[in-house]
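Q: I am attaching a structure below and will ask some questions about it afterwards.
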Amino acid sequence: MPSRPLIIAGRFPYCRYVYCALDQVRGNEQQAVWSNHDRKQCKCIRRFFYKKEERNAKEQWYLNRYFWKSESLKNAYELKEAFCHWL
């Protein structure tokens, strides 16, 4: 009797999809109604959205600023955090 192959799913592809989705939401929100300054600034600080819970005051200030500007960006970020916590 032939053995069935064991399917293994790594965590990297799933994390990649989640981070790409967050980046896509960020990009869509930037182009929607934000000013040129906010668009450029948000693109420069996009790594702040990828970090886990440990942040300094400056990083947290920027996150709060852009979450205030976009509810969908805040929701996408919270989903990313929930996924990382679950994983």
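Q: Among LEU63, CYS44, GLY10, whose Cα sits farthest toward the positive end of the charge dipole of the chain (+1 at Cβ of Lys/Arg, -1 at Cβ of Asp/Glu, about the Cα centre)?
A: Positive-end residue among those listed: CYS44.
Q: Read phi for every residue in the stretch 32-48 and hand back ³J(HN,Hα) as whole Hz from Karplus 6.51 cos²θ - 1.76 cosθ + 1.60, θ = phi - 60°, with x for Gly and Pro.
A: 5, 9, 6, 6, 4, 4, 5, 4, 5, 5, 5, 5, 5, 9, 4, 5, 5
Q: Okay, next question. In whole Hz, what ³J(HN,Hα) sequence does the stretch 74-80 give by Karplus (6.51, -1.76, 1.60; θ = phi - 60°), x for Gly and Pro?
A: Rounded to whole hertz, the list is 5, 5, 5, 5, 5, 5, 4.
Q: Same structure, new question: Round to the nearest 10 and give me the degree value, 0 to 90, for the angle of helix 57-69's Cα axis relative to the longest principal axis of the chain.
A: The answer is roughly 90 degrees.
Q: Let me ask something else. How big is the stretch 1-79 by Rg and Dmax over its Cα atoms, in Å?
A: In order Rg, Dmax, the Cα atoms of the stretch 1-79 give 17.0, 65 Å.
Q: Based on Cβ point charges of +1 for Lys and Arg and -1 for Asp and Glu, what charge dipole magnitude is obtained for the stretch 1-80 about its Cα centre, in debye rounded to the nearest 20?
A: Details: 17 positive and 8 negative charges, 49 e Å.
With only Lys, Arg, Asp and Glu charged at Cβ, the dipole is about 240 debye.
Every number here is computed from the coordinates shown, using simple stated rules; none is lab data. Since the model is a prediction, treat every value here as computed from it, not as a measurement. Here the Cβ is made from the backbone with ideal geometry for all residues, glycine too, and neighbour counts use every protein chain on show.
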